[in-house]
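Notes to accompany the following structure.
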Amino acid sequence: MKKFPLIGIFGSTASGKSKLALELAVPHHAAILNADSVQIYKGLEVGSAKPTPEERESCPHYLFDIVNIGEGFAAGDYQREVVKTIEQLQRARQTWAFLVGGSGFYIQTLTRGIYPIAKSDPLRRQQIEDEAHSEGGQEALFQELMALDPVYAQKIGPADLRRIVRALEIFRSNDGGFKSFAELESLASQRRPPVEIHGLVLYRQKEKLREAITQRAHFMLEHGFIEEVQGLLEQVGPHWGPLKSVGYREVVNFLEGLLSKDLLLESIVKSTLYLAKRQVTWFKRETGLVWFDADKEWEKALQYGQNLINTIST
């Protein structure tokens, strides 16, 4: 089956991905597929920085607001929705589209496939996280992972608690189903969808990024972010996954009295900067992506994106 071309506009939060995608997509009335793990949910409007209704009307937008409040959504679900959307575009005789976002784990389902494993188990993960926070727990968990898969354990290191927890959740939930993450990656590669991604990454220098994140966070707080989270808490409570995402988690803490109003903005900015750092690290692991400084090389990024359009359209 011929692979469907996607032009990836990737990067960290507040790097200008959506703006660049719109500048490229609107003249061609090209479709934009969402690759942000928060913007897929209904009800998360202010804090997710979704495209505005006017922007969505300027060209076709897909995979926004596709999950109801209170429901879950996994990486495998995302891959299936992308495939369904591409089939819809092909029936409409569209031959390419944009893929825009910064959720590397979702994007990886398209570039590397999906591990053939049991779905994530929140209770099992919570149990492992509780173990990690006991005395000596993180080191004990790392040693457990070393015994199971020393190559992967050494790759991520003893300080990466998030990946240690996720790795052990996978091993404990799929006992005997595989021997190593190298084996899983090989199996996952056989489950890649028929897409071909030609991508670029937008980034910002630290101070410019901090400025953009601070400005965005201030705008959100001034335009109903707290009220949005309050409404969601009344509907589904604090344990719904998206309310643990960056920004939403801090507002939840404020509403529960765990964070003062004076520290709310600073806390959101700090967490968002940390998220941006993780996003940049993720995309550095991907090959074939061309990087552009959003503040110094905007026109170059725009021209590169147009060159990609010209190439895949011929």
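The values are calculated or read from the model by the stated rules, or taken from the named source; none is laboratory data. Note that the structure is a prediction, hence the values are computed from the model and not measured. When we count neighbours, we look across all protein chains shown, and the Cβ atoms used for this are built from the backbone with ideal geometry, even at glycine.
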Among the residues listed as 156, 107, the single one being touching a strand residue (DSSP E or B) at 6+ places or on another chain (Cβ under 9 Å) and either farther than 30 Å from residue 194 by Cα or modelled with pLDDT of 90 or more (or both) = 107
Condition test on residue 77, is it in the same structural domain as residue 229 (by TED's automatic domain parsing), under 25 Å from the mean Cα position of the chain (by Cα), within 30 Å of residue 4 (Cα to Cα) and in a helix (DSSP H, G or I)?
-> yes
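Yes/no matrix, rows are residues, columns are (1) under 17 Å from residue 104 (Cα atoms); (2) at pLDDT below 95; (3) aliphatic (A, V, I, L, M):
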residue	(1), (2), (3)
1	no, yes, yes
62	no, no, no
82	yes, no, yes
86	no, no, yes
Selection from the stretch 11-47 of residues assigned to a strand (DSSP E or B), touching a Leu at 6+ places or on another chain (Cβ under 9 Å) and more than 16 Å from residue 309 (Cα to Cα) yields 11, 34
Can you spot a residue in the stretch 170-190 that is surrounded by fewer than 18 Cβ atoms within 10 Å (Cβ to Cβ) and within 14 Å of residue 294 (Cβ to Cβ)?
-> no
Restricting attention to the stretch 185-211, the residues that are under 21 Å from the mean Cα position of the chain (by Cα), outside any loop (DSSP other than H, G, I, E, B) and within 24 Å of residue 8 (Cβ to Cβ) number exactly 14
Test result for residue 154, outside the structural domain of residue 38 (by TED's automatic domain parsing), closer than 25 Å to residue 242 by Cα and of a type in the set (S, T, N, Q) | no
Which pairs do you get when a residue that is touching a residue at least 12 places away in the same chain (Cβ under 8 Å) and under 12 Å from residue 111 (Cβ atoms), found in the stretch 177-194, comes within reach of a residue that is of a type in the set (Lys, Arg) and surrounded by fewer than 16 Cβ atoms within 10 Å (Cβ to Cβ), reach meaning Cβ atoms under 6 angstrom, with the pair 6+ apart or on two chains?
-> 188/112
